[in-house]
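A short write-up of the structure that comes next.
The values are calculated or read from the model by the stated rules, or taken from the named source; none is laboratory data. Because the structure is a prediction, the values reported are computed rather than measured. Every residue, glycine as well, gets a Cβ built from its backbone with ideal geometry; the counts of neighbours run over all protein chains shown.
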Ligand code: NDP
């Protein structure tokens, strides 16, 4: 049977664009791609990239105060949000252009409109036309999930943060995950009074307990008011902002309320279930290790599959899909030992198991140190760094590395190589320290602080 395309990709985010580009550019496949919003998807347009640029902007506040104590004569003024936002918008336009040119250069035909599944080999575009394809790749990503509460529409999500007309003076962040903690730190750095409600006992559920405590303590010391065991009940518009009632019976007024309460896979209205694609409990496309759905011609990658919601993982999944389907080399996606960073202030870099999860798995040794880094102790700041290794008693392998420190994201990338290679504690020990650095502590940890 003749198809219009060898591959049709729905969704122009990091995963979809990479798969389309590599299939077309490296295998000569005829590829179409539909994107209903801006090219680049969550990461480039409303996630990682603008977020990281806001992290940079927000870190200058502390940096300038530190500079003063280091002897610089600095006049600290306020943050000019419209000026920053204009530059940010320009940068996002530039990156979107890069993505479009990359697709164009690889020969991918782009449709700037929504596409849905019309059958196992056909997509229907918003303009009513249909396109047939031998393979269809669903790469539609995710969307902020918001709790169903009274006047919930008064709140914003991470999608809206980058378009705010002005900086809020008082912000309430709901949630305790990646986005909530990162946004709380960003706005705090930019001069907003930040309050954070988290329904559980400690922020950053699922991460290492000691690291979570360390970050929470640091965030609070730097002015963020964290209320654990607290959720939002209702909101109402009042003269001077948004009045919020909490589950603890208190009332507060804020200029903005940000829901950072998780993300839902974008599968609604795509017509997937009608044609036999299995959808899971959280709305995700269910796939096998080759990213294939229950319909053999339909594959899915990235956040829409709700496996690991990280850009580099979506890209890996896209590459593995092309390898499997277009290069005749079946390649399962390796989701083991993925390093990641939470861009709180200070950052948290992590790879492998938390102490709590490792303890469940096997007998372990825990090496951990918390200290004031040279950069901070010189100017008498109390900020401490945490360096932690979880080691298997039996194999001596390092099962987890946890770093809470400035630039921990940069450090964990390299520690991730060692852990992925199966490095043992003794491999770390025989590596010479780089002095004077913070990360040298990782290779000089002598005695376990506890075994479990
Ligand atoms: P997360 O799943 O990390 O966190 C969601 C938070 O919202 C949790 O604290 C959760 O509480 C809370 N929550 C969920 N539902 C409700 C509710 N109804 N009322 C109150 N609180 C609620 O999601 P995020 O939105 O922060 O991020 C989504 C994903 O994006 C992350 O999992 C991550 O993979 C990715 N991401 C990665 C980043 C990075 O690499 N630096 C940065 C940003 C996002 P509870 O813990 O009790 O479930």
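Only residues that are part of a loop (DSSP other than H, G, I, E, B), buried (at least 24 other Cβ atoms within 10 Å of the Cβ) and within 16 Å of the ligand (Cβ to nearest atom): list them for the stretch 289-332, please.
301
Here are 302, 318, 328: which of them is on the phi > 0 side of the Ramachandran plot and in contact with a helix residue (DSSP H, G or I) (Cβ under 9 Å, 6 or more places away or on another chain)? I'd like the intermediate steps shown before the answer.
Values: 318 fails: on the phi > 0 side of the Ramachandran plot; 328 fails: in contact with a helix residue (DSSP H, G or I) (Cβ under 9 Å, 6 or more places away or on another chain).
On inspection, the qualifying residue turns out to be 302.
Give the residues of the stretch 182-220 that are assigned to a helix (DSSP H, G or I), touching a strand residue (DSSP E or B) at 6+ places or on another chain (Cβ under 6 Å) and under 19 Å from residue 145 (Cα atoms), sorted by residue number.
183, 184
All but one of (1) at pLDDT 95 or above; (2) away from the ligand (no atom under 16 Å from the Cβ); (3) surrounded by fewer than 19 Cβ atoms within 10 Å (Cβ to Cβ) hold for residue 56; state the number of the condition that does not hold.
It is condition (2) that residue 56 fails.
Would you point out which residue out of 431, 447, 451 is more than 17 Å from residue 372 (Cβ to Cβ), away from the ligand (no atom under 16 Å from the Cβ) and surrounded by 12 or more Cβ atoms within 10 Å (Cβ to Cβ)? Before the answer, list the steps.
Details: 447 fails: surrounded by 12 or more Cβ atoms within 10 Å (Cβ to Cβ); 451 fails: surrounded by 12 or more Cβ atoms within 10 Å (Cβ to Cβ).
That would be 431, the only listed residue that is more than 17 Å from residue 372 (Cβ to Cβ), away from the ligand (no atom under 16 Å from the Cβ) and surrounded by 12 or more Cβ atoms within 10 Å (Cβ to Cβ).
Quick check: is even one residue across the stretch 134-150 in a loop (DSSP other than H, G, I, E, B), more than 16 Å from the ligand (Cβ to nearest atom) and surrounded by fewer than 23 Cβ atoms within 10 Å (Cβ to Cβ)?
No, every residue in the stretch 134-150 fails to be in a loop (DSSP other than H, G, I, E, B), more than 16 Å from the ligand (Cβ to nearest atom) and surrounded by fewer than 23 Cβ atoms within 10 Å (Cβ to Cβ).
Can you tell me which residue among 385, 401 is under 21 Å from residue 338 (Cα atoms) and touching a strand residue (DSSP E or B) at 6+ places or on another chain (Cβ under 6 Å)? Spell out how you get there, then give the answer.
Values: 385 fails: under 21 Å from residue 338 (Cα atoms).
Every option except 401 fails the conditions.
Those residues that are part of a loop (DSSP other than H, G, I, E, B) and more than 29 Å from the chain's Cα centre (by Cα), I need them from the stretch 21-41; list them, please.
Going through the stretch 21-41, the residues part of a loop (DSSP other than H, G, I, E, B) turn out to be 28-30, 35-40.
Across the stretch 21-41, the qualifying residues are 28, 29, 30.
Yes/no per residue for (1) outside any loop (DSSP other than H, G, I, E, B); (2) at positive phi:
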{"position": "376", "(1), (2)": "yes, no"}
{"position": "380", "(1), (2)": "no, yes"}
{"position": "390", "(1), (2)": "yes, no"}
{"position": "395", "(1), (2)": "no, no"}
{"position": "399", "(1), (2)": "yes, no"}
{"position": "402", "(1), (2)": "yes, no"}
{"position": "411", "(1), (2)": "yes, no"}
{"position": "415", "(1), (2)": "yes, no"}
{"position": "419", "(1), (2)": "yes, no"}
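If we only count strands (runs of 3 or more DSSP E) wholly inside the stretch 222-282, which ones have 3 or more residues that are surrounded by fewer than 14 Cβ atoms within 10 Å (Cβ to Cβ)?
In the stretch 222-282, the matching strands (runs of 3 or more DSSP E) lie at 232-238.
Looking only at residues in the stretch 123-132 that are surrounded by fewer than 23 Cβ atoms within 10 Å (Cβ to Cβ) and touching a strand residue (DSSP E or B) at 6+ places or on another chain (Cβ under 8 Å), which one is farthest from residue 276 (Cα to Cα)?
Looking at the filtered set, the residue picked out is 126.
Would you mind finding the one in 74, 44, 110 that is in a helix (DSSP H, G or I) and either more than 16 Å from the ligand (Cβ to nearest atom) or under 23 Å from residue 344 (Cβ atoms) (or both)?
On the way: 74 fails: in a helix (DSSP H, G or I); 110 fails: in a helix (DSSP H, G or I).
Only one candidate passes the filter, namely 44.
In the stretch 164-178, what residues are touching a residue at least 24 places away in the same chain (Cβ under 8 Å) and out of contact with any strand residue (DSSP E or B) (no Cβ under 8 Å at 6 or more places or on another chain)? Don't jump to the end; show me each part of the working.
Applying the first criterion (touching a residue at least 24 places away in the same chain (Cβ under 8 Å)) to the stretch 164-178 yields 164, 166-178.
Listed by number, the residues that qualify are 166, 167, 177.
For the stretch 90-115: of the residues being without any contact (Cβ under 8 Å) to a residue 60 or more places away in the chain and out of contact with any helix residue (DSSP H, G or I) (no Cβ under 8 Å at 6 or more places or on another chain), which is farthest from residue 39 (Cα to Cα)?
Looking at the filtered set, the residue picked out is 90.
Mind checking which residues of the stretch 47-59 are assigned to a helix (DSSP H, G or I) and touching a residue at least 12 places away in the same chain (Cβ under 8 Å)?
Filtering the stretch 47-59 for residues assigned to a helix (DSSP H, G or I) gives 48-59.
48, 49, 50, 51, 52, 53, 54, 55, 57, 58, 59 - these are the residues of the stretch 47-59 that are assigned to a helix (DSSP H, G or I) and touching a residue at least 12 places away in the same chain (Cβ under 8 Å).
Report, by residue number, each residue of the stretch 77-100 that is part of a loop (DSSP other than H, G, I, E, B) and either in contact with a strand residue (DSSP E or B) (Cβ under 9 Å, 6 or more places away or on another chain) or within 30 Å of residue 374 (Cα to Cα) (or both).
In the first step, residues of the stretch 77-100 are kept if they are part of a loop (DSSP other than H, G, I, E, B); the result is 77-80.
Within the stretch 77-100, 77, 78, 79 qualify.
Every residue in the stretch 252-276 that is at positive phi and within 16 Å of the ligand (Cβ to nearest atom), please. Explain how you work it out, then say what you get.
Residues of the stretch 252-276 that are at positive phi, as a first pass: 262, 269, 271, 276.
Across the stretch 252-276, the qualifying residue is only 262.
Which condition from (1) closer than 16 Å to residue 350 by Cβ; (2) surrounded by fewer than 17 Cβ atoms within 10 Å (Cβ to Cβ) is the one that residue 424 breaks?
Among (1) closer than 16 Å to residue 350 by Cβ; (2) surrounded by fewer than 17 Cβ atoms within 10 Å (Cβ to Cβ), residue 424 violates only (1).
Any idea how many residues of the stretch 162-197 are farther than 17 Å from residue 228 by Cα and within 12 Å of the ligand (Cβ to nearest atom)?
1
What pairs can you find where one residue is in the stretch 195-219 and within 26 Å of residue 168 (Cβ to Cβ), the other is within 12 Å of the ligand (Cβ to nearest atom) and part of a helix (DSSP H, G or I), and their Cβ atoms are less than 6 Å apart, with a gap of 6+ or different chains?
Hits for this filter: 196/184; 202/212; 203/181; 204/212.
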